[in-house]
Every structure is written in C-alpha cells, then in structure tokens.
Amino acid sequence: MLRKKIIFTIIMLVIITHFAYSQNVNKTVTAYKLENEIIIDGILNESIYKNKSVTNFIQNEPNEGKEASEKTNVWVAYDDAHLYIAAKLFDSQPNLIDTKLARRDTYFDSDLFYVGIDSYNDDRTGFYFGINPGGSIVDGTIYNDSQLDNSWNGIWEAKTKINNDGWNVEIKIPLSQLRYNKSKKMIWGINFHRDIFRKNETAFYIMVPDSASGFVSHFADLTGLDGIQSKKRIEILPYIVGKAQYLDHDNNDPFYADDQYQLKVGGNLKIGLGSNLTLDATINPDFGQVEVDPAVMNLSAFETFFQEKRPFFIEGQNIFQFGTGGANNSWGFNFGVPELLYSRRIGRKPQGNIDYDYDYMDKPTETRILGAGKLTGKTKNNLSVGVLSAVTERTFATIDTGDETIKQEIEPLTHYGVFRSKKEFNNSRQSLGMIFTSVNRDLSDSLLNNQLAKDAYTFGVDGWTFLDKEKVWVLTGNVIGSYTHGTKEYMLDFQESPFRYLQRPDAKEFTLDSNLTSMSGWFSRIMLNKQKGRFYLNTAIGAVSPGFSNNDLGFQWMADKINGHIVLGYKWFKPGKIFRQKTTFFAYTESYDFELNNLGKKFMTFNFFQFMNYYDTKIQAGYFLESYSKRLTRGGPLTIIPKTFFTEFELSSDNRKKIVVEGRIEYFNQNKINSYGSGLSFGVQWKPSSRLNIEIEPSYSKNVETAQWIGKFEDDLAAETYGVRYVFGNMIQETISSQIRINWTFTPKLSLEFFAQPYISVGKYDNFKELAKSKSLEFNNYDDVGVVSYDETDEKYTIDPDGDGAAESFTFDDPNFNYRSFKANMVLRWEVSPGSVLYFVWTNNKSDSQINGKLDLYNNSVELWKTPPDNIFIIKFSYWLDIGNMM
C-alpha cells in the first residue's frame, strides 16, 4: 500500500509541475568590435564606452525578483585576440565599498563582479571570471549547467578603480584561454553577477529564481562576435624546485645525507588543437603538493580519502566525472556512483612490503611520475572528450641489513590510462557517455607479483534524459563493469578485502575461490530527480556485485550491495517573520547484500534555516533500524547492528561581520549495547583588516564503543563461531584537535598562508570478550568465563578464554593508544607576472605515540613539544611563456 501511494505521488507531481513552468526568452548582449586599443586601468574613458550598455540587474538576494538597489552598466567588446568586459558599478555609499584582499581563487565575502561565459553555447558549460574592488580575482569553469570548479587558472588581466560614485572594472581575456567552436557568426552565452557585501545583495543580468534549476542554460545570447579567428595556442611552463629536508633521524643512518637536499627541473606544455581541444603534457613533472593533509585516527579496515591538491590533476577534473550529470542533486546514502578516477593513486606511496630485517632503510614516500599527458575539450557536435595517460617509474627501497646493502622493488613500472567521452543531444536534453580506465603493471618482481594486480580495467556507460519540456524531471543512469587480473595469491587477498569479505564462514552463495586468477564485477544505478519548484523528490535504486573493483585507479568503499532510497522535501524561498529561507528533507533508504541480508533500513531528516539576521542553522537526525553487519568481524560471520539514533546541530553567524562564529554538536546512541558518541566544535573567524583573515576551529569528540575490534584467533573449540574466536573490547576514544588558518594578503598577487593542526587522540580498552554466535551481538565476557592477564614488560594481554577448560590461551598487543601530532604549513605565493609564480614553502610535522590511553592535555602537549620535528623547505618558480602569441 505504501509503495502504491509513493508511485501515485510521483505521477501527480510530474503532471502538476509539467504545467507549472514556462521557458524563458533569452536576452541579447552585443559585443562591439574594437577599432582602438583599450588600456586596462579601471578608467572607463575609451570611446567604446559611449555605446549602449547592459543594465537592469535583478536581485536574487535578499529580495528575489526586485530591481538591484544600485545601478550597474556593463559593456562587452573584442578584437582579434581578446575579449573585454567592463562595468561601471554605481554605489550611493562609495565609502562603504568592501575592498578586502584574498589570494587567487580563495572564496571570500566582498563586493564582487562576475562574468560567466558559455563559449561553446551548449547551455551546459562555461567559464567564470570575478574580481572585487581591491583587485582580488577568482576564476574557474562551470559544468552540468550550475556546478562550479575553481581548479582552472586562466591567464587574464583585470583592473579596478574606486571613485566618488562607485567603482569600475576592466577585464581582458585572451581568446586563447577560452574554448569555442569556430564559425563565421558565433553566438555565445553570457551573464553578469554583482555582489554588494554590506547589503547581502546578489544581483544578476539574467536572474535564475531559487525555485528554478540550472544557470548556464539561462544565459543571454552574446552576439556580434563576427570574424574571430582561432590563434595558435602553445604555452610552456618550465619550473625549478629546490628542496631541503631537516628530519628527525638516527645519526648513523647512511641514507640521510643523500636525500637531504634535492634539485628538480621540469616543465609542462599546453597545445591548443584548434579552438576547442587542449593537449597538456609534462616532462619530469613536479606533482608535489604545497598543502598538508589533515591528521586522522583511522580505526576501521578502510583507507582514508584525501582530496587531490596537485594542480596538474585538479585542473579540468570535472571532465572525467562520471555518472552524475544531468541532475542538479545526487543523494548517495553510502551508495554514490563509484569514483573511477582517484588521481592520488598516480604517484602514490609505494605499496610493496619490505621482505628483510634491516637496520636502516631508504624508502621513497612517493612514486616518481616519468611523464603524464591530458587531452580535453569539446567538439562542434557537442562531444566532450577527456584522455589521461601517466607512467610511474619502477621504485626501489635501499635496505641496510648491517651485513649488506640490498635494493628491493616496492612499486613496479605502471601505466595509468583514462578515456572519457560524452555526447549531448537535443539541446542537452539527453546525454550518453562512456568511460574506460586501465592500470597495467610490469610485475617482473616475484614479491610484488603476489601483492598487486597485474591488470585492472573498468568500463562504464552513463547518461540522462529530461522527461518533460520544461526540464523539471530528469532520469539519470549508469552501468559499470570491472575486470581484475593477478596471481592466485593476489586474487585471494582481493576476495578477502573489506569490500567483499568472501571468506565469511556463514556465506552461502558468494564464497572464497582459491584458484581464481581474475575476477569481474558490475555496478549500476538509476535515479529520478525533480529539478525545480518548492516540492522536491529524489529517488534511486542501484546495485554493485561482490566482484566489482575500481580501487586500482579509483577509490572504492563498497561492493556486494543493493540499495534504494527516496527523498521528499519542501523549500520556502520567500522571507517570513523569522526565517529568510527554509528547507526540509525527509529520506528513507534500504540496503541489502546479494544474499539479501538486511544491511540497513534508515529514516533521516535534513533541515536548513536562515534567520532574518542572516544567521544559518542546520539540524539533522536519523533513526536506523536493527540490521546486519559484514564488517564488524572483518571477514567473520554476520553480526547484528542495534537500533541507532543520531542527531547533529550547526549554527553560524552573519558572515558580513568582522567576527564570525560557528558551532556544531553531534550525538549518536545505540542503547541496546550502551555505545554512544558525541562531538563538539566551535569556530571563530576574525577579519581585523581587509588584508588579514584569522580562523581557529577547536573540536572535541568522545566515542564509547562496546564492540571495538581487537583481532581473531583460531580455535576449533569455538564451534558457535566456526572455529575462530572474534575478540572485541570496550573502548573509550577521546580526540581533541584544532585547525588554525591565517591568510595575509599583501596585494592580490602576493599572499602568505599559514595552517596548523595540533591533534591528540587517545583510546582506552577494557572488558575484553568474544562473539558468542553468528548473526547476533551476544558476547562471552572473558572476565566472567576466562582469565585475563597483562605483561607490563612486553605490553601484551594473555587471554585464557575458558579458564580451567581445554581452550588454548592466546595473546595480543596492548590496544591502548595515545597518538599526538602537530602539522604546520606556510606558503608564500607571489605571482610575478600572469601565469608565473614563485613559491616559498615551509612544512613542519611532528608526531609521537604511547599506549597509556589517557587524555591529559597538559602532559600530551608537553610531550608533543619535546618530540623532534621534521622540517621541509621548498622554493619553486614556474614561468609561463605564451609561445603561440610570439609566432
């Protein structure tokens, strides 16, 4: 009955919204052909500014649909090599214009002027350029009609000038930086956007209402671009890097001095293939990052995901995104589309294990990339293409055993490849795309042969179709296949990995096969999304087979799962007496494995409110019904996860103020087993001047787990758990940390950034026990049925599981931990000229650990202060050369 009601509701919403929207008629902006040069100085005194300007901006915030409170005039012009955008932004209180400075592409609140350009005129993609009165700039690309990617750094000029009636801006964009399909009479899309910070006002030339969907598809037509010829695009970016390392080390270490000082030279090449495709190539690339990863304490069986920070990979990464196009929202509920390209796999830390006892070792922390290249762009017939190819070198560790020096291979010669294409039809109402990824390793070393896959491939098809003329409803879908090949030993580890756990003793259909040398799998998902209006609906169903794998080049977090969800919501856009905006969502999701074991039935609600004083709050809550877990025993039998409740509350103040505060409280509870957790964080942002921004965010969390994993120990007498004792303990984990950021911008081209993170996490274990039987959460407590002893010298626990019984004793290391670290990173960035940048980088890292499991803030801080640090200093200079403009 419930399912029939849901289906009826979906049908009625489709019918109602089909008649609720009408298409907008595009406005037109004329680009004027220049006869005389424009001097980019922020002074609008050239004759071109006597022509008719674009005006009549409309507010999106705070009063949607009303005229902007201040007048704005915009002109667009061009010559054979550049596109020019100029604006006169009137202001009745010019003394209150916000001029704060920020490093390029750093999000900041200020008065701002943006221009968005759809140079392909495909109503889906574009570029954006922004500048504030102080001269700080942002730029990036737009994809999927409304999503922004600030990783692209174009080469362009802009100047501003404040005067007694407002401020002016002039922007000069080389046509070589844009991508377009050449024709005699080109029509592009364009839009303009202005922010007035003190009023919290955003206004657009083409304003898209909050109840609508998309952004680029609403742009005005830019006409007049007649006779533009594509220029040769050849850019070279050579670089030089000097690195000095002062690390905590043993004075007798024979390898330390050789690695202390390093010098590296290389370069990148960018070639335009026509006006719409770009080839990026690199020789001896510098793929080091200038920011540090945050500290985490991971007690799960899964790796931690870190964001990509290397410029070569993050620029244009949206081209390789798969499975999420078309829809403006994609709910996952732990079942999102797999990430087939996780570029941090390329140049990763070597994976091979060391097979020798040693005194000293020189083991590289990253794998050198011999060369890499990308081809990206979009053709005239709306076909987007992305190709990535990279080769990493064979990497060795040098080992000093005391008697001899040995080299052991720890990462093989490897090729990584990606091919992505996507074709859009019928004015982007439908799309069909594909992706292919490959990893091929030269596994001539017998040790690595059993540790890594020799070949790994994925192939996927994705697409979308809008179901109605007004683009209110969109259906998206994808299917992916995978194939992995390796030795029997490797494939055994593959099957036993945390994504699959095919070794489970209670598995019925999908079980371990020790003779396999390859395995294939699949993933598929279909989703319906309502794009517009106050009422919201999103629903999806998907499945991923036990043999699916995308982890060699992607990032995998699941396999052997069937999932479905539905989300219903409502959005209030018009201000009321208390709230300026309100949004509420209710969701339900179910998950099963391929043996139809219930992995979760969850009810959730997500609520967002903005008060009239521009304070924001978020309230989330969820109730999870009892289900099974395949992960708790880490390859053992199924266990029960009890009913769980969680809630989270966030509050942040008006970001226009000099001091902005935000706080978050979270809590979860599993009453049946007395497990619970809570977290608290409080952030303060202080903006003492237009050049300086200081943020500090301390946090504290406490988790009480009554079934924390210890290990597994074979014993034929453990008949109820298939001859293995699965041992757990009670754990109280407390974590305290703080993230500190200081951004000091001297000029729009010269900035200093500082990041620091002190981090302490402790865990105290007791009440050791074993799982009593499969498909339960019942335990045999060793304090009641056995004998627990502790050896302080060896720091080991010995367990006699049945006291005077016949079971043999076993031991394990003391699981208590006290981990503390301090990470700091300082970057001075100077843009010497457009595209040419000088970096000075300092990184400080220190960490220490003990097993006492006590959170003593003072003593932990003192011990951390005493810990010798690792200091690394880097100087990097890259110089941009526009060879095409010289030819």
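Quick notes
- Candidates per trypsin sites (Lys or Arg not before Pro) in the range 71-125, loop by DSSP, up to 15 other Cβ within 10 Å: none
- In nm, spacing of pseudo-spin labels at Asn251 and Met826 (7 Å Cα→C-beta vector): 2.9 nm
- Mean silhouette area of the range 80-236, derived from the convex hull of its C-alpha atoms and averaged over all directions, reads 9.9 nm².
- Accessible surface of the range 22-177, 1.4 Å probe, proportion on carbon and sulfur as whole %: 44 percent
- Based on the Kirkwood approach, the hydrodynamic radius assigned to the range 336-424 is 15.7 Å, with every pair of different Cα atoms included.
- Percent accessible area from carbon and sulfur atoms, the range 420-534, protein chains only, probe 1.4 Å: 53 percent
- Inter-probe distance in nm under a simple model that places probes 7 Å from Cα toward Cβ, at Ser701 and His415: 4.2 nm
- Straight-distance crosslink candidates among lysines, where the alpha carbon sits under 18 Å from Lys159 and sequence neighbours closer than 8 are dropped: Lys88, Lys100, Lys172, Lys749
- Gain on full extension, evaluated as 0.36 nm per residue between Gln93 and Asn515 minus their Cα-Cα distance, stands at 144.2 nm.
- Bridgeable aspartates and glutamates around Lys407 (alpha carbons under 18 Å apart, same-chain partners fewer than 8 residues away excluded): Asp253, Asp258, Asp259, Asp355, Asp357, Asp359, Asp362, Glu366, Glu393, Asp442, Asp445.
- The angle between the Cα long axis of helix 857-866 and the longest principal axis of the Cα atoms of the chain comes to about 80 degrees, rounded to the nearest 10.
- Local electrostatic count, Thr589, Cβ distance below 9 Å [Lys/Arg +1, Asp/Glu -1]: +1
- What you get for the range 347-401, charging only the Cβ of Lys and Arg (+1) and of Asp and Glu (-1), is a dipole of about 820 debye around the Cα centre.
- Applying 1/(1 + (r/R0)^6) with r as the Cβ-Cβ distance of Val785 and Asp506 and R0 = 22 angstrom yields a FRET efficiency of 0.45.
- Ordering of 491-499, 795-803 by burial proxy (mean other Cβ atoms within 10 Å per residue, highest first): 491-499, 795-803
- Distance in nm between pseudo-label sites at Trp842 and Ser629 (7 Å out along the Cβ direction from Cα): 4.5 nm
- Between the range 443-474 and the range 774-833, the alpha-carbon centres lie 37 Å apart.
- Trypsin sites (Lys or Arg not before Pro) within the range 149-206: DSSP coil, no more than 16 neighbouring Cβ in 10 Å: Lys182, Lys184
- Restricting the chymotrypsin sites (Phe, Trp or Tyr not before Pro) of the range 82-162 to loop positions (DSSP other than H, G, I, E, B) with no more than 11 neighbouring Cβ atoms within 10 Å leaves Tyr107.
- Radius 15 Å from Cβ of Ala203, net charge of other residues (Lys, Arg +1; Asp, Glu -1): -2
- Stokes-Einstein D for the chain, Kirkwood Rh over Cα pairs, 20 °C, 1.002 mPa s (µm²/s): 70 µm²/s
- Ile155 long-range amide H proximity, modeled H, under 5 Å: none
- Residues of the range 576-607 with amide N under 12 Å of the 7 Å Cα→Cβ point at Ala621: 604-607
- Computed from backbone phi with θ = phi - 60° and the Karplus coefficients 6.51, -1.76 and 1.60, the 3J(HN,Hα) list for the range 604-621 is 9, 9, 10, 9, 10, 9, 10, 6, 5, 8, 6, 7, 10, 9, 9, 10, 10, 7 Hz; x is used for glycine and proline.
- FRET efficiency, 1/(1 + (r/R0)^6) with R0 25 Å, evaluated for Asn51 and Lys184 via beta carbons: 0.65
- Along each principal axis, taking the top coordinate minus the bottom one, the Cα set of the range 729-887 gives 88, 40, 24 Å in descending order.
- In the range 450-600, lysine pairs with alpha-carbon atoms under 17 angstrom apart (chain gap of 8 or more, or interchain): 12
- Cα centroid separation - the range 227-256 against the range 606-637, whole Å: 42 Å
- Here the accessible area is traced with a 1.4 Å probe on the protein chains. For the range 693-768, carbon and sulfur cover 55 percent of it.
- Placing unit charges on each Cβ (+1 for Lys and Arg, -1 for Asp and Glu) gives the chain a dipole about its Cα centre, and among Val391, Phe579, Gly267 the Cα reaching farthest toward its positive end belongs to Phe579.
- Angle between the chain longest axis and helix 2-18 axis [Cα atoms, degrees, rounded to 10]: 10 degrees
- Probing with 1.4 Å while keeping every protein chain in the model, the per residue accessible area of the chain equals 46 Å².
- Summing Cβ point charges (Lys, Arg +1; Asp, Glu -1) relative to the Cα centre of the chain gives a dipole of roughly 5120 debye.
The values are calculated or read from the model by the stated rules, or taken from the named source; none is laboratory data. All values reported here derive from a predicted model rather than from experimental measurement. Here Cβ is always computed from backbone atoms with ideal geometry, including for glycine, and neighbour counts include all displayed protein chains. Note: areas computed on protein heavy atoms with side chains; ligands, DNA, RNA excluded. Shrake-Rupley method; radii C 1.70, N 1.55, O 1.52, S 1.80 Å.
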